[in-house]
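To keep things clear, I will list the structure first and then write my remarks on it.
Every read-out reported here was derived from the displayed coordinates using simple, explicitly stated rules and does not represent laboratory data. Small disclaimer: the values here were computed from a predicted structure and weren't measured. So basically every Cβ, Gly included, is an ideal-geometry build from the backbone, and we count neighbours across all protein chains shown.
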Amino acid sequence: MVQSALSEKNAPPAAEWRRDLLAFAALAIIVLVVFVSQGAVYSVRVMAEAGCYALLALGLTIQWGYAGMFNIGIMGFLAAGAASSMLISFPANPKFWASPGPMLIVVFIAKLVACGVAIWLANKAERIGISRRLKGVLVTLVLIASFIVISRHMTRMSHEIESTSGWIGGLGLPVLVGWAVAGVVAAIIAWAVGKICLGLRSDYLAIATLGIAAIIKTFLKNADWLTRGTLTVSPLPWPVPTPANGHFILARSLYLSVVVVIMVLLYLLLQRAYYAPWGRMMRAIRDNEDAAEAMGKDVTKRRLQIFVLGCIPMGVGGAMLIHFAQIYDPSAFVDLNYTFLIWVMVIVGGAGNNRGAIFGAVFVYIVWTVSAPIALWLFHLVAYYGHQWVGWQPPSDLDSRALEMRVFVVGLAITLVLRYAPRGVLPEPQARH
Amino acid sequence: MNDFIFFINNGLIAGLIIGSIYALGAVGVTLVFGILRFAHFAHGDIMTMGAFFSLIIAYLLQAAGFHSIFALVFIGMFPAMVITALIAIGFDRVFYKPLREAGARPIVLVMASLGVTLMLQGVIRLFGGVSARNMFIDRPKEIFQFHVPGAHRPIVLTEPEVILFIFTAVTVVALHYFLTRTRLGKAMRAVSDNPDLARITGINTEHVVWATWIIGGALACAAGTLLSMDVALKPDLSWNILLPIFAATIVGGIGQPYGAIAGGFLVGLCESLSVFNWAILLRPIKPLLWFDIPSSLAIVPTQYKLMVPFVILIIVLIYRPTGIFKGRVL
């Protein structure tokens, strides 16, 4: 079984190859046009960012394309990844290590673990013969007690750290370690969210991920002791030499190559997983949950697994994106750029097709970056002629309103693609057995 | 006594107000969820859109030299409700119905509703900008003060709050009569319970879908207008209002209008009571306490207010996914 499945994988029909080749050739021409018209410094930046977005899109295509899971909290996983990577790789703050701060954090973690264990034990109380009603009371009491303990400690800790040393600073470890931790943190959050929502229908997951993203953002904006809150942290280190000495093209190209290497690695892994029995099982669950369950697959567990796996590239890609910009600013995490844009990328490129996700990410990101100057130009044109012809006085915040127009375009793109091309530019390959 | 009045003003009344708003919004969401079977993410922005319509009509009325004892924007709310309901039907025709007829999975409809949300946000901010606006264009809002014997701090109710309470009460009663006494209302409940069976018995599902959007759109417009009248019209509310409304819907049980109303008040009260500074209530009995009262004793800091509906949602999803009123688990 396994052998035959593996040998089948190398035979996508020629038409699919031609189509993919055509799409990527067109993409290459677009990239070339950008390079020629905008110059290399700018273009390499766009390409590096597009590469990071491709990672995010690959993460989403795992969740949506392979398993049909509706995650609209990508921004939250990205922000969590970026914040943790920043904390790992930013140079240490000596004032913090000299203060009683580290001890407070150790105690905090100990309390967190203790509360977690207590809640877990309370949930298992019926094992020692406690009735269900009594267990409910017990769980509630334990939850309230842990909430009080944790929130009191957090208030004290944040106050103490902010007054003695500002914020806790980084650990000064290599950037690649930071990116790995970003993936782990995103995975842990995904596990907790998925554990609660994945047994239910996907609408609940959408609501829950949207909520968790909003909460993560609020936390990062307000946790001055942990991430300096809205004060922003910069400059974030790079895994390659930064363009501090003026070699923009060289530095950015090196960063771009790191991004591309990670992206290609992920792509190869995903291609392999997609055609492996594991990928087939995932598609079976996506297409007919009941049938898959009847075949003895643990649907909920598998969905949790794939949700966590899909969130890892989101955390890593987010960290890479923020590190490239070199500034960590929690106010900049907005749904539009970091959730819905990625959705457009995946559904335009073709859900369930890894090459489609990469194509969609690069294509949509280029369109997105050129759309800002085009929107501004259009609006200035309208304002100019409106003034000339009918004496219309444009509002003073015309530029910011023009950029809001891009929100409209993203929404329009989603609805149009869903209606007229639900399978995207590069549709998912049809399985032929 | 004064501290208790402060609690009534800032805890109870604030919670009931935001609770009525959530309830009005959640009725629409729960009907769409129950009858069309998808989470309608555009509801928050339909609220904002409705509020804008009310404001525009109020300006038109002002330009026409119209006067009345009510604020112009409240008069404008009723035509705006009709317009919003029509637009909601229009959205359904253009964006949701083709997908439904193509047999798309419900989650694709959710996605389409996200697209609609973004489009609405874009249009609203393009024409309305992002600054907050005052809804009372013709005169300042009236403030009613009720003096309680033995306290020099009065209970304060503003004009929009009184209107909101009355409107919510009337809506609840009217909705109850509509759903239990009229043909269409009964048909709606039937479709919500079992769409195939309802179709077989000859119920025109198309009419039911229309009724759903009319009720949902009109109530969303009313909720948006009344909320904006109470504070100010903020064009960038979207998720901040949508998440509590979804929480209210799920807490109340999906497809259960009464549940949505109860859920709305529950979420609203929880929100305002958790950010309320309980230290104020403890101060009068300070000598009786064995511990020092900290200056701030809110359960949740104000900036984490959004966590309250979310936590309620999580608890309900874990322990009672059907909601209080035994709704459906989709």
Out-of-range pairs (alpha-carbon distance over 23 Å; input A:K195/A:K297; A:K95/A:K217; B:K234/B:K305; B:K186/B:K326; A:K195/A:K221; A:K135/B:K305): A:K95/A:K217; A:K195/A:K221; A:K135/B:K305
Using alpha-carbon positions, what is the distance between the centroids of the stretch B:208-227 and the stretch A:110-133, in Å? 44
GNM top mover of B:V208, B:V170, B:V32 - chain B, alpha-carbon springs below 10 Å: B:V170
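Compute the Rg to Rh ratio over the stretch B:1-155 from the alpha carbon atoms, using the Kirkwood formula for Rh, and round to two decimal places.
Values: Rg = 19.9 Å, Rh = 18.4 Å.
Over the Cα atoms of the stretch B:1-155, Rg/Rh equals 1.08.
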If I take every Cα pair under 8 Å that is 6 or more residues apart in the stretch B:36-129, average their sequence separation and divide by the length, what percent do I get for the relative contact order? 42
Using only C-alpha positions, report the orientation-averaged shadow area of the convex hull of chain A, nm², one decimal. 27.4
At q = 0.06, 0.08, 0.09 Å⁻¹, what base-10 log of I(q)/I(0) does the Debye formula yield for the protein assembly as shown when every alpha carbon is treated as an equal point scatterer in vacuo? -0.40, -0.74, -0.94
Could you work out the helix-only [θ] at 222 nm for chain B, with each DSSP H run of four or more residues adding -39,500 (n - 2.57) and the total divided by the number of residues, to the nearest 500 deg cm²/dmol? -21500 deg cm²/dmol
Charge dipole (the stretch B:2-319, unit charges on Cβ, about Cα centre) - positive-most of B:I261, B:V170, B:L36: B:L36
So, counting K/R as plus one and D/E as minus one, what does the shell of residues with Cβ under 15 Å around A:L198 add up to? +3
Which one of B:A222, B:A198, B:A26 has the biggest mean-square fluctuation once chain B is modelled by GNM with Cα springs under 10 Å? B:A198
Across 5 Å bins from 0, what is the distribution of all Cα-Cα pair distances for the stretch B:101-150, in whole percents? 5, 13, 11, 12, 10, 10, 9, 8, 8, 7, 5, 2, 1, 0
Quick check: the distance between the Cα centres of the stretch A:23-94 and the stretch B:79-134, to the nearest angstrom? 29
Taking only complete DSSP H runs, can you tell me which helices of chain A stretch 20 Å or more along their own long axis by Cα positions and average at least -1.0 on the Kyte-Doolittle scale? A:14-38, A:40-60, A:74-89, A:101-123, A:132-165, A:175-197, A:202-222, A:248-275, A:299-325, A:354-390, A:398-420
Mind pulling the angle between the C-alpha long axis of helix B:183-193 and the longest principal axis of chain B? Nearest 10 degrees, somewhere in 0 to 90. 90
Give me the inter-chain shielding for B:102-113: mean count of other chain Cβ atoms within 10 Å, whole number please. 5
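Please state the relative contact order of chain A as a whole percent: Cα pairs under 8 Å, 6+ residues apart? Please list the in-between numbers first.
Numbers: 584 pairs, mean separation 133.2, N = 433.
Worked out over chain A, it gives 31 percent.
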Gaussian network model of chain A, springs between alpha carbon atoms under 10 Å - residue of A:V346, A:V46, A:V139 with greatest fluctuation: A:V139
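Just flag the chymotrypsin sites (Phe, Trp or Tyr not before Pro) in the stretch B:247-330 sitting in loop per DSSP whose Cβ has no more than 12 other Cβ atoms within 10 Å. Don't skip to the end; give the middle numbers.
Working: sites: B:Y258, B:F265, B:F276, B:W278, B:W290, B:F291, B:Y304, B:F310, B:Y319, B:F325; in loops: B:F276, B:W278, B:W290, B:F291, B:F325.
For chymotrypsin sites (Phe, Trp or Tyr not before Pro) across the stretch B:247-330 that sit outside H, G, I, E and B with at most 12 neighbouring Cβ atoms in 10 Å, the list reads B:W290, B:F291.
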With +1 assigned to the C-beta of every Lys and Arg and -1 to the C-beta of every Asp and Glu, and no other charges, what is the dipole magnitude of chain A about the Cα centre in debye, to the nearest 20? 1040
Rounded to the nearest Å, what's the spacing between the alpha carbon centres of the stretch B:155-176 and the stretch A:375-433? Just the number, please. 40
Tilt, helix B:72-91 to longest principal axis of chain B (alpha-carbon atoms), in degrees rounded to tens, equals 40
Averaged across the residues of B:89-100, what count of C-beta atoms belonging to other chains lies within 10 Å of each residue's C-beta? 1
Counting other C-beta atoms within 10 Å, which of A:H387, A:H153 has the fewest, and how do the rest follow? A:H387, A:H153
Net charge of Cβ neighbours under 13 Å - reference A:S234; Lys, Arg +1; Asp, Glu -1: 0
How would you rank B:I166, B:I315, going from fewest to most other Cβ atoms within 10 Å of each one's own Cβ? B:I166, B:I315
A:A125: net charge of surrounding residues, Cβ under 12 Å, Lys/Arg +1, Asp/Glu -1, itself excluded? +4
Measuring from the longest principal axis of the C-alpha atoms of chain B, the long axis of helix B:159-181 (C-alpha) lies at a number of degrees, nearest 10, equal to 40
Listed residue (B:F144, B:M307, B:T180) projecting farthest to the positive dipole end of the protein assembly as shown, Cβ model: B:T180
Need one number: the % of Cα-Cα pairs in the stretch B:2-319 sitting beyond the 38 Å mark. 18
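Would you work out the charge dipole size for the protein assembly as shown about its Cα centre, treating the Cβ of every Lys and Arg as +1 and the Cβ of every Asp and Glu as -1, and quote it to the nearest 20 debye? Mind showing how you got there, number by number?
Working: 55 positive and 35 negative charges, 321 e Å.
Taking the Cα centre of the protein assembly as shown as origin, the dipole is about 1540 debye.
Note down the relative contact order for the stretch B:2-319 as a percent, whole number, built from C-alpha pairs under 8 angstrom at least six residues apart.
Details: 491 pairs, mean separation 112.0, N = 318.
Relative contact order here is 35 percent.
Using the 2.2 N^0.38 Å rule of thumb for compact globular proteins, work out how the stretch A:112-215 stacks up: its C-alpha Rg over that value, please. Mind showing how you got there, number by number?
On the way: Rg = 18.3 Å, N = 104, 2.2 N^0.38 = 12.8 Å.
Ratio of Rg to 2.2 N^0.38 Å for the stretch A:112-215: 1.42.
Averaged across B:34-43, how many Cβ atoms of other chains sit within 10 Å of each residue's Cβ atom?
Values: counts 0, 0, 0, 2, 3, 8, 1, 5, 1, 0.
If you average over the peptide's residues, the count of other-chain Cβ atoms is 2.
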